[in-house]
Amino acid sequence: MMPSLMPTYARENLAFARGEGAWLITEDGRRYLDFGAGIAVSSLGHGHPHLVAAIAGQAARVMHVSNLYRVPEAERLAERLVAATFADSVFFCNSGAEANEGMVKMVRRAMAKTGRPERTRMICFEGAFHGRTLAMLSATGNPKYLDGFGPPVDGFDHVPFGNMNAVRDAITPQTAGILVEPIQGEGGVREAPVNFLRDLRAACDEWGILLALDEVQCGMGRTGTLFAYQQSGIEPDVLSAAKGIAGGFPMGAILARESVAKYLTAGTHGTTFGGNPLAAAGANAVLDVMLEPGFFDHVLARGAQLKAGLAALAHEMPDLFEGVRGRGLMLGLKCVVPNTAFQAACVEEGVLTIAAGENVLRIVPPLVVSEADVSDGLARIRRAALRHHVPDTVLRAAGAR
Ligand SMILES: *Cc1c(COP(=O)(O)O)cnc(C)c1O
């Protein structure tokens, strides 16, 4: 008989009763170092007192009123995001896919309302991940995710990530914009070279089309700035955020320039829960912590510590690992052995990580992770590697899974 909870995930047989900082603890007291952070979501770790107090306090006052009324917590959050970024205005929703959908709608509408209604198509990239709604499946373009779900939504053209010639060739009179992750997360922690982002910006300006960044995973402090684009010297026209934005409370956001956002007038787009008082209180609490002086220095220092440790490990065991990639606390260990087998070995050593594309093990700890916890995590990852350092053993373990 099928499980009551629909089995759309191949879940690890682990259930956590509580969390403290970077640690998750099972009912029977086993402790796991959470270097996956709920897929780059739990940016402040578990049980962060400021976030907990903000959410509990807001829950007691009022959780939800709908967007038929003003929401002061959301107004304040939007003002702070505008002050900290390129954006002039922000729309709040509930997930990354929903943010991306709204972002593409915004791009299409801006084209339609500036006399270019034929410009409806987005250029997307191989290896991308933009979510699981029907349109974002198309934007993602991975045949494995599209299988069995009928005709893909039209309007998304794919080119190789990082290939500017292919981008230029793909721009047509129907192109409305370019949708790109500054660092592909699910695709395997693949960084877009800074020059590539600059060239995309230049191409968008040249053609009068819009640059849309999907920072659902790499945004909200993960790479050592509030958003990853802030290290590239360019600014997008629109940007989506979600995952870490409210520290584990579900929320998404679309940040946009006025020139794009102004066409999404009253009644043109909406969402029942988006930016409700509870979510906005969570996100404001996350921003309180992230905008404290020194927070991003901490992310960069812990990221450098972790990356150096992983690089040393890869150097020591080239039979297991090819190297390390990524920025800040968004890192990927490129495996020689199957990443899922090594991930399982890490679980046995009490450290949680996430498999990603290109046989990469994604390591995305809470941004508040301590120096001692990074050292501890590295020691655990090393132990997991040592016990599998004969490649045949690892391959057999993979087969058994
Ligand atoms: C996770 C993710 C999404 C989808 O977000 P959901 O909240 O799962 O809908 C979109 N884009 C990127 C880059 C992501 O990492």
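Springs join every pair of Cα atoms under 10 Å in this Gaussian network model of the chain, and among 180, 299, 337 the largest mean-square fluctuation is at 337. The protection proxy used here, the mean number of other Cβ atoms lying within 10 Å of each residue, ranks peptides 182-192, 228-238 as follows, highest first: 182-192, 228-238. Do any of 113/144; 113/243; 105/307; 144/262; 144/334 go past 29 Å between their Cα atoms, and which? Going by Cα-Cα distance, 113/144; 113/243; 105/307; 144/262 fall outside the 29 Å limit.
Here the Gaussian network model covers the chain, with springs between Cα atoms less than 10 Å apart; of 16, 227, 35, 16 fluctuates the most. Each of residue 174 and residue 235 was given a label point 7 Å from its Cα along the Cα-to-Cβ line. The distance between the two points is 3.2 nm. Taking all protein chains into account, the per residue accessible area for the range 65-118 stands at 49 Å² (1.4 Å probe).
Applying a DSSP loop filter and a limit of 10 other Cβ atoms within 10 Å to the chymotrypsin sites (Phe, Trp or Tyr not before Pro) in the range 53-146 leaves 69.
Spherically averaged projected area of the convex hull of Cα atoms, the chain: 20.8 nm². Summarising the strand pairing of the chain, around 65 percent of its internal DSSP beta bridges are antiparallel. Using a Gaussian network model of the chain in which every pair of alpha carbons under 10 angstrom is joined by a spring, one finds that among 242, 17, 110 the greatest mean-square fluctuation is at 17. I want the local charge near residue 286. Using Cβ-Cβ distances under 14 Å, sum +1 for each Lys or Arg and -1 for each Asp or Glu among the other residues. Every neighbour counted, the sum reads +1. Residues in the range 154-204 average 35 Å² of solvent-accessible surface per residue, probe 1.4 Å, ligands and nucleic acids excluded. Sorting the segments 253-261, 52-60 by their residues' average number of neighbouring beta-carbon atoms within 10 angstrom, most packed first, yields 253-261, 52-60.
Our note on the geometry: Cα centres of the range 314-344 and the range 14-47, 22 Å apart. Once both axes come from the Cα atoms, what is the angle between helix 72-84 and the longest principal axis of the chain, in degrees from 0 to 90, rounded to 10? That helix lies at roughly 80 degrees to the long axis.
Computed with a 1.4 Å probe over protein heavy atoms only, the accessible surface of the range 243-371 comes to 33 Å² per residue.
Taking the accessible area of the chain, probe 1.4 Å, and keeping the other protein chains in place, the carbon and sulfur fraction comes to 55%.
The values are calculated or read from the model by the stated rules, or taken from the named source; none is laboratory data. Predicted, not measured: the structure shown is a model, and the values here were computed from it. No Cβ is skipped: glycine too gets one built from the backbone with ideal geometry, and neighbour counts run over all protein chains shown. To get the accessible areas, we keep the full protein, side chains included, count just its heavy atoms, and leave off ligands, DNA and RNA. Shrake-Rupley method; radii C 1.70, N 1.55, O 1.52, S 1.80 Å.
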